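Have a look at the structure below, then the notes.
Readers should treat all values here as calculations from the given coordinates under stated rules, not as data from a laboratory. These numbers come from a predicted model, not from an experiment.
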Amino acid sequence: MPKSPPQPMKDNLRQRLDDYGRSRWQLSGVDVRFRGAFANVECRLPGGAYVPLCRLRFGGVLHTWGFAVYLASKGTYHDSLLPSGFPVGSPEEALDCACNLYLSDPDALTTPSTN
């Protein structure tokens, strides 16, 4: 298992997901925090709330990452399959899968933070 991705890959992933989340999902932003080979992904909603979405696992390739969905009911991540049926895919595919799960309700984008 590869260690943490190199800094240029981290920067690329952050920028890719933020740009994609803003354009495809009209999010205020996408934040990515790294811990070893894992990248925890959460979105910032227009109302200011943060929603944990998924965890990506670095496997050594910039465009293919392992996927684990965030289980809000348990507060943990669970290795999952993407809609393609594979446990790995593009970061954008992972973001789409998690956003479809948590943000399919249009009202979710305008709900104020309860934190």
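What to note about this one:
- For the stretch 7-109, taking the reciprocal of the average inverse distance between every pair of different Cα atoms yields a Kirkwood hydrodynamic radius of 13.5 Å.
- Top of G29, G48, G89 by mean-square fluctuation, Gaussian network on the chain, Cα under 10 Å: G48
- Contact order normalised by residue count of the chain, Cα under 8 Å, 6+ apart, percent: 22
- The angle between the Cα long axis of helix 7-25 and the main principal axis of the chain comes to about 30°, on a 0 to 90 degree scale.
- In degrees, nearest ten, helix 91-103 long axis to first principal axis of the chain (Cα): 30
- Geometric descriptor of the stretch 1-61, per residue, is 73 Å³ (volume of the convex hull of the Cα atoms).
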